[in-house]
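The values are calculated or read from the model by the stated rules, or taken from the named source; none is laboratory data. Note that this is a predicted model, so its numbers are computed, not measured. Cβ placement follows ideal geometry from the backbone for every residue including glycine, while neighbour counts extend to all protein chains displayed. Calculation scope for accessible area: heavy atoms of the full protein, side chains included, ligands and nucleic acids excluded. Shrake-Rupley method; radii C 1.70, N 1.55, O 1.52, S 1.80 Å.
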Amino acid sequence: MPTWSCCASPPGFFGLFFFLTLFIQTVLGYSAIRAGIAYLPFAVGVVIASALASPLVARIGPRPLILVGSAMVAGGMFWFSSLTEHSGYASHLLGPQLVSSFGLGLVFVPLALVALHNVAEQDSGVASSLLNAAQQVGGAIGLALLGTVAWTAVADSVRTQVAHAAAAAAKAGRPLPKPGTPPPTSIYYHALTVGFSRAFLVAAAIGLVALLIAIATIRVRRQDLSGAAPAPQEAAQQTAAQQTAAQQPGTEEAHEDRTAAAAAARPCRLC
């Protein structure tokens, strides 16, 4: 099983679903139903890319798909890092959603095939379970890491903005807010976008690391996958053997007759 499976797309995408949902519902003000509808292009992109990846694996092999998909995942996450509190859905969210979803669909199909490469048939279930477990563990670790980065950036941004607002109020002679007063909504929304953007930037870095690991470690060819077509020389040898057997009818029957005769002539062990 490839060693990079636990650090590939799942950590970034766990963070994507978490932070993007908060951004859509909190900053953009979408309802829960509207936020769910906003994710439909992502699901459509994954389905289309997976459907395209299935026949492409047999043609070009898993490595190009994994490399292209990982690059698209990293690019989509980096695109998400440019979000601000003034971002709109069509102008700032739809594009990176499609790029990230296509990358995810291109990665998942060949990743499963590579993970089961050279695995015995009786061990295929265990290997599949290990792949799913690695993705879940990687997603949990990634979400914890991204959450720490995001909420640290949010807290720092709130403190900085409140300090600047207090300094500006003191300079202008306005009364200072009472201690414990919640910051204005504008400060809170800006802090959220700063934290989420920082988390998406870290997720893009994780995707880039996964791309580099895939470049260095993935060496499985399309001929190596189970069910792949035989090489041209092997196919020619098989064809020649079949033609030779067809030109010599009765060869297999004669061999069976000689075997039966030898068995009959052999003395009985019980005698």
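Only one of these is modelled with pLDDT under 85, open to solvent by less than 50 Å² (accessible area, probe 1.4 Å), more than 18 Å from the chain's Cα centre (by Cα) and over 24 Å from Val27 (Cβ atoms): Ala169, Ala127. Name it.
The match here is Ala169.
Hey, can you tell me all the residues within segment 108-137 that are assigned to a helix (DSSP H, G or I) and within 21 Å of Val68 (Cα to Cα)?
Phe108, Val109, Pro110, Leu111, Ala112, Leu113, Val114, Ala115, Leu131, Gln135, listed by residue number.
(1) in a helix (DSSP H, G or I); (2) over 12 Å from the mean Cα position of the chain (by Cα); (3) under 22 Å from Gly36 (Cα atoms): which one isn't true of Leu83, the others all being true?
(1)
In segment 57-107, what residues are among the β-branched types (Val, Ile, Thr) and farther than 22 Å from Ser157 by Cα?
Restricting attention to segment 57-107, the residues satisfying the condition of being among the β-branched types (Val, Ile, Thr) are 57, 60, 66, 68, 73, 84, 99, 107.
Correct list: Val57, Ile60, Ile66, Val68, Val73, Val99, Val107.
Tell me which residues, restricted to segment 141-159, are surrounded by fewer than 14 Cβ atoms within 10 Å (Cβ to Cβ) and under 30 Å from Gly207 (Cα atoms).
Listed by number, the residues that qualify are Ala144, Thr148, Thr152, Ala155.
When both residues are 6+ apart or on different chains and their Cβ atoms are under 9 Å apart, which pairs have a first residue that lies in segment 103-128 and is over 15 Å from Ala51 (Cβ atoms), and a second that is of a type in the set (Lys, Arg) and not in a loop (DSSP other than H, G, I, E, B)?
Pairs found: Val114/Arg63.
Condition (residue is closer than 30 Å to Val220 by Cα and surrounded by fewer than 20 Cβ atoms within 10 Å (Cβ to Cβ)) applied to segment 31-44: is it met by at least one residue?
From segment 31-44, those closer than 30 Å to Val220 by Cα are 42-44; that's our starting set.
Keeping just the survivors that are surrounded by fewer than 20 Cβ atoms within 10 Å (Cβ to Cβ) gives 43-44.
Yes, segment 31-44 contains at least one residue that is closer than 30 Å to Val220 by Cα and surrounded by fewer than 20 Cβ atoms within 10 Å (Cβ to Cβ).
Based on what the data block shows, is Ser91 open to solvent by less than 40 Å² (accessible area, probe 1.4 Å) and modelled with pLDDT of 85 or more?
Answer is no for this residue.
Quickly run through segment 212-232 and pick out the residues that are surrounded by fewer than 21 Cβ atoms within 10 Å (Cβ to Cβ), assigned to a helix (DSSP H, G or I) and at pLDDT 80 or above.
Leu212, Ile213, Ile215, Ala216, Thr217
So Phe80 passes all but one of these: (1) open to solvent by less than 50 Å² (accessible area, probe 1.4 Å); (2) more than 28 Å from Asn132 (Cβ to Cβ). Which condition number does it fail?
The single condition Phe80 does not satisfy is (2).
Within segment 45-70, track down each residue that is open to solvent by less than 50 Å² (accessible area, probe 1.4 Å), without any contact (Cβ under 8 Å) to a residue 60 or more places away in the chain and under 13 Å from Val220 (Cα atoms).
Answer for segment 45-70, where residues must be open to solvent by less than 50 Å² (accessible area, probe 1.4 Å), without any contact (Cβ under 8 Å) to a residue 60 or more places away in the chain and under 13 Å from Val220 (Cα atoms): just Leu65.
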